[in-house]
Each structure stands twice: as structure tokens, then as C-alpha cells.
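Q: I have a structure I would like to understand better, so I am pasting it below and will then ask my questions one at a time.
None of the figures in this text is laboratory data; all of them are computed from the coordinates on show. Small disclaimer: the values here were computed from a predicted structure and weren't measured. Backbone-built Cβ (ideal geometry, glycine too); neighbour counts: all protein chains shown.
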Amino acid sequence: MSCCVKTHPRAPERCGATKQEAEEILFAVTVAMELAKPDLPEWKRACINNYVRCKEEAWSGSCYDCFRHCEGQQGEVGGQQVPPQEEGTLSMAEDVDWEEVRRLAARVEAGEALTLTSDVRELLLRAARQVAIPDADALVAVNDVATATTLLREARARIREGSIRLSRTRLRADDLARNGDVAGARKLLEDLLAVEEIPLYRELAEIELEGLD
């Protein structure tokens, strides 16, 4: 099917492929071409690296959709695509509300005043826990629009900064591991874990670290 789609990219139905299947096949070709570029931005290389891992390790969700999300955020991880979990375990990645946080923060930054409905308060409290903001601080913050807005911005900043930090570390660690420097790759991930507080990012870094064994 893949060869047929590459020959007839505008008519995937001739190959028995859906539009989504055709996009993924053609995107795989694009990935190979992009990785060959010496000036490929680091954030985009990180997105591609995650896409490849998603396909190889059978992560849940759409790898293609997650790449597009990552690309739109210039390297930010999160969203609906997560590594598979062992039976009986629960990942923090399954519970995050970060897309809602991003949308709310974007509206506030565009000039919309934050409205403290019960749903918004619950979202901010959950997000605060997920980015390691103490519950006591968050509970006080959600009682006032000004402090709740500050809480929202802080949560959004932690999500973005932690995501970029994780993506860059994983990229450098992967490069070192591929070149035979497993000890160096391990040191990078251990250094990240020494400072990272966000549970999801810690979990992803630990998964990466375990993969070096």
C-alpha cells in the first residue's frame, strides 16, 4: 500500500487507503527528508524523534496528530499521545488538562478577563497539582481573579518550560546513546530528574532512562 500511495498521493483511494493512512505514509517520507537537513531546528527534531518513538513503541493515540500538535507548540509535549503503560498502572499523562490550560491562558493573554466559574477553579487546582504548585498556594489563589490569573500564567509557564527542557534533554541523550555514549546520556537524564518537579515530565524522563538499560 505504501508504495502505491507514494505513486498516487492525490488519489489514496486507488490504493485502498484512507486519507489519514495516506497522510501518515507520506509523512514518514517527509520525516526521513527532514532528519537529513543539517539546519533542522532542535525543537522540530525533538518532535520528529517523538513521532518515530511513538510509531516504533506503539504509543496510544495518533502519532501523526500528536506530531502536528508538537509542531504547533514548537517542541512542546503533552496532548493525547502517551507511551503504553503496564497493565494495572496509571500514568499522570492520562490525567493532565493541559490543552484546556493552554486555551484558557491564550484567551487571557489575548485580553479576555478570567472568569472564576467552578469549572475554571477546578481546572486551575488540578493544573496546579500537575505542575507541582503547592495545594495551599493554589487554594488561596483561586479565590481572587488577579491571583488566579497569576496562577494560570505560572502553570502555563511551567508546562512550556518543562516541556522544552525535557525535549532538549531527550534529544541530546538520544544523540549520545546512538553514538555509544550511554553513560553520558544517562547523566543528562539524571541531571534533569534532579531538578524536574512536574510528575509527568519526571515520568517521561524515567521511561527514557529505563530505555538505556
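Q: Of the peptides 163-175, 115-127, how do they stack up when ordered by the mean number of other Cβ atoms within 10 Å, highest first?
A: Values: 163-175: 20.2, 115-127: 15.2.
Top to bottom by mean Cβ count within 10 Å: 163-175, 115-127.
Q: While we're looking at this one, here's another question. Which ordering of 70, 63 is given by a fewest-first count of other beta-carbon atoms within 10 Å?
A: Details: 70 25, 63 21.
Fewest to most other Cβ atoms nearby, the residues stand as 63, 70.
Q: Subtracting the Cα-Cα distance from 0.36 nm times the residue separation, let me have the gained length for residue 145 to residue 161 in nm, one decimal. Don't skip to the end; give the middle numbers.
A: Working: separation 16, 0.36 × 16 = 5.76 nm, distance 2.40 nm.
The span from residue 145 to residue 161 would gain 3.4 nm if fully extended.
Q: So, one more: What dipole magnitude, in Debye to the nearest 20, does segment 92-210 give about its Cα centre under +1 on Lys/Arg Cβ and -1 on Asp/Glu Cβ? Mind dumping the intermediate values first?
A: Values: 18 positive and 25 negative charges, 81 e Å.
With only Lys, Arg, Asp and Glu charged at Cβ, the dipole is about 400 debye.
Q: Taking R0 as 45 Å, what's the FRET efficiency between residue 182 and residue 115 from their Cβ-Cβ distance, rounded to 0.05? Can you show the working numbers first?
A: Working: r = 51 Å, r/R0 = 1.13.
Between residue 182 and residue 115 the formula returns 0.35.
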